[in-house]
Amino acid sequence: MSARKTTVGKTTARKTSAHKTSAHKTTARNRARESAHELATASARKSAQLPIAEPADVRRAAGRLIRADGRAFAAALALNALAAGAGLVGPWLLGRIIDEVRAGGDVSVVDRLALAILVCTVAQLLLARSARYVGHRFGERTLARVREEFVDRALALPASTVERAGTGDLTARGTADVAAVGTTLRDAGPELLISTAQALFILGAVFAVDPLLGCCGMLGLLGIWFAMRWYLRRARTAYLAEGAANSDVAEILAATASGARTVEAFGLQRRRVTASRDALETSRRRRLHTLFLRTVLWPIVEVSYTVPVVAVLLMGGVLLERGALSLGAVVAAALYLRQLGEPLDTILMRVEQLQSSSASFARVEGLARAPRPTRAPSPARPPDASSADSSTPATPATPATPATPATPVDDRIDVTGVRYAYPGGGEVLRGVDLTVRPGERLAVVGPSGAGKTTLSRLLAGIDAPRTGTVTVGRVPIAGLDPEQLRRQVVLVTQEHHVFLGTVRDNLLIAEPSATDEDLCAALAAVGADWADELPHGLDTELGPDGHRTDGSQAQQLALARVVLADPHTLILDEATALLDPTTARHTERALAAVLEGRTVIAIAHRLHTAHDADRVAVMEEGRLTELGTHDSLVAAGGAYAALWRTWHGESAAVQ
């Protein structure tokens, strides 16, 4: 008896181990396919970056931001003007002192003039400080608006648009480009306002002293004007090219990191290193080009600073000798032009920075030109695709033409004559026709590369077919807006994400109006018992500084979001594959009650899922070759029967 128990125990252990091994192999194969696809499409994404705003769009956006905080902007301008005006008094009074001393005037007059210079200097300091303070507050508030707009636009982008462009481009825009815009708004903007006001007032003061001296000063600045004209013609294009090269570097590095297992498994290290070096070399050349532009500009500018002063001194000497101008006026004009060097230096530095930041602003503002999901009667040609977050309801691809809003009449899903191909590749789906009835449980099976996952993305509205239609209630799924689609279809994959914040924050993403009772019920529905043991319950912080979730807990959070989204159709693409066997079985049993009454489309890599489904759809080489119940397909002796015999035979051999 004891021997029999031992034999049974060993057999059970071998069976369990074999199932675990099979599950891990399946997951590994799926990960390898996804990583390989991501690596293969990385180069294609380089040519499909997100849009860049035109200069006119950037100017309109800047005007919109200024109008949003117009009072602060006007106050900064007024304070800058007053500060510049106070700064002009000093050289003029110094010229008066020189003329007074030369004429042998009273010492008390000189003392009063010197005291006035001190008062004006202090007033200029206080006004400039106030102007800088107001300007910085304006810049910070405006930067906050830019960040908020960027986040809103990024979240509104169709998933397929982001996948086609790659996360590297979006990441570069949301970090380096937004930071560059922020620096300009916070620092360059106020300084540019102050320096521009000072330069204009100084030039006006020189003309007030003597128009001829003013003309000499302006002629001396022609070198700066020509240098800036040469620079500005080339700077925008150069900085945009540098930003694009930086995005390519970020994209290649991200693709290599996420596909590290595939790189190691297939020995692609040398190829990935070569691709990274090529991208870095391109980025280096683009950066050297912008550096070359600066090295041409600045030497000319530095030399041009001294030309106006020399011209005024020479012409002033001639006029002084002829008695047409006093010595004080010549000194005042020379001091004014000497003062002009500092604001001009700041202006030119900030103008150079503005070229870089305007290119960054064009990339940030370019998200406004990206296609938006709109409802339409017919879908458009799809963009590239890779993977979807299981915690996020599917986002539709962008239809070709807008139309009046439409509401699905029922929950029936129809796939008619669908063909689909990824950019740069052959057709993945070839004339698929399928109807999914409301409340039905459909399993989609087939060998690797048959098009199962691609079909699931079309059913979820993430991508749109090249030809044919995918509709829910007679309305194209890809034409539904995100909020409407979230109530219709949700795709659940192996991918999951835990956002920084509390448990409550992570769950309210799916249903902002949900109560704490709803959140706890959703966690209970997916078997997340660990949430009851958290120190602060729903208010427990998640992430590196809080509770660290493991893979199974993160997946359960994602599934709880699906429960809260409450769609009528769920598409499951190995949603529990990353859970350990015990947790996976517990979660699947808990989900059974949640799935009751809903339409469930399961991409089945394990045939026991197909065995329990109402119908089974068999995919082979992008075509739907068989459709029916498990028993009828096994009896038919076709492709499904062969798959079943193979899988069942392996299971029996293990047993």
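Relative contact order of segment 55-369, taken over Cα pairs closer than 8 Å and 6 or more residues apart, is 31 percent. The share of Cα pairs per 5 Å bin across segment 76-210, counted from zero up to the longest distance, runs 2, 9, 14, 13, 11, 10, 8, 7, 6, 5, 4, 3, 3, 2, 1, 1, 0 percent. Gain on full extension, evaluated as 0.36 nm per residue between Ile509 and Arg369 minus their Cα-Cα distance, stands at 47.8 nm.
Taking label positions 7 Å along the Cα-Cβ direction at both Val296 and Ala62, the computed distance is 2.2 nm, reported to one decimal. Sorted ascending by nearby beta carbons within 10 Å, beginning with the fewest, Leu203, Leu327, Leu337 become Leu327, Leu203, Leu337.
Summary value for segment 116-270: 33 percent relative contact order, contacts being C-alpha pairs under 8 angstrom separated by 6+ residues. Extension gain for Arg338-Asp278 works out to 16.8 nm (0.36 nm per residue, less the C-alpha to C-alpha distance). Extension gain for Arg233-Glu541 works out to 105.8 nm (0.36 nm per residue, less the C-alpha to C-alpha distance). In this structure, Ala176 and Arg487 have a Cβ-Cβ separation that, at R0 = 35 Å, corresponds to a calculated FRET efficiency of about 0.40. Comparing Val301, Gly341, Leu268 along the charge dipole axis of segment 55-369, the residue lying farthest to the positive side is Leu268, per the Cβ-charge model. The Asp106 and Leu288 beta-carbon pair, evaluated with R₀ = 51 Å, returns a calculated FRET efficiency of approximately 0.20.
Values in this text are rule-based calculations from the coordinates and carry no lab data. The structure displayed is predicted, hence computed values, not measured ones. Cβ sites come from the backbone with ideal geometry, for glycine too, and all protein chains shown count toward neighbours.
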